[in-house]
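Quick notes on the structure that follows.
Every number here is computed from the coordinates shown, using simple stated rules; none is lab data. Because the structure is a prediction, the values reported are computed rather than measured. Here Cβ is always computed from backbone atoms with ideal geometry, including for glycine, and neighbour counts include all displayed protein chains.
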Amino acid sequence: MKFLLLLFTFIAVNLDFFLIMIFLLRKYRVRDVAVGYLIGVVFLMTISFLVGKALALFLPEWVLGALGILPIYMALHDDDDEAESHDHRSPILSTLITYLAVCAGCNLSIFLPVLTGLSLVNFGLAVLFIGVLAVLVVFLIKQVGSLPTVNSFLAKYGEITMKVIYIGVGLYVFYDSHLIVHLIGYL
């Protein structure tokens, strides 16, 4: 299990939502934001895993390594996700819908190549690991979200940090799937 890769992937795909979460936490209770966020994260990870397993039935692992192009594309594609205003009765549903609206594309395209090679047991461990991180992040953001230094840093360097991590994840998927070794073998 590659927990460090999961950690960096989680941070990269959620960095923009961390900023949005600062505003959600000012409007809703911590518990409600945490539950809505956790549901969204687990849902998108599960979809990525299932799509990856379906592709793995038909394609060898080294071909699936080409999915590493998705995080690299996401890093190079300038797509500013803006949170839409969703006013619902349930803060949990509001958080979930906001998360899915802002992060679904990134999460699916970035987590798909990372989760594709995992067994069901390792996927369960990955969901548990990311789920714990998601809940911890909510509490951490609640604590540091009001600090002007944090807001300034994320506004200034958040996007470039996210892009560097996306590229790193894509290159790692190329490496881990043996795609590059296999392609060099054709030369």
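Points worth noting:
- Cβ-Cβ FRET estimate between ILE97 and LEU120, R0 fixed at 30 Å, reported to 0.05: 0.55
- Sites VAL132 and ILE184 - FRET efficiency at Förster radius 35 Å, r taken between beta-carbons, to 0.05: 0.35
- In order along segment 34-48, the Karplus-derived 3J(HN,Hα) couplings, from 6.51 cos²θ - 1.76 cosθ + 1.60 at θ = phi - 60°, round to 4, 5, x, 5, 4, 4, x, 5, 5, 4, 5, 5, 5, 4, 4 Hz, and Gly and Pro are given as x.
- Here the Karplus curve 6.51 cos²θ - 1.76 cosθ + 1.60, taken at θ = phi - 60°, turns the phi angles of segment 7-17 into couplings of 4, 5, 5, 4, 5, 4, 6, 10, 4, 5, 6 Hz, with x standing for Gly and Pro.
- SER90 paired with VAL51, simple spin-label distance in nm, labels 7 Å along Cα-to-beta-carbon: 2.4
- Applying 1/(1 + (r/R0)^6) with r as the Cβ-Cβ distance of LEU7 and TYR157 and R0 = 25 angstrom yields a FRET efficiency of 0.85.
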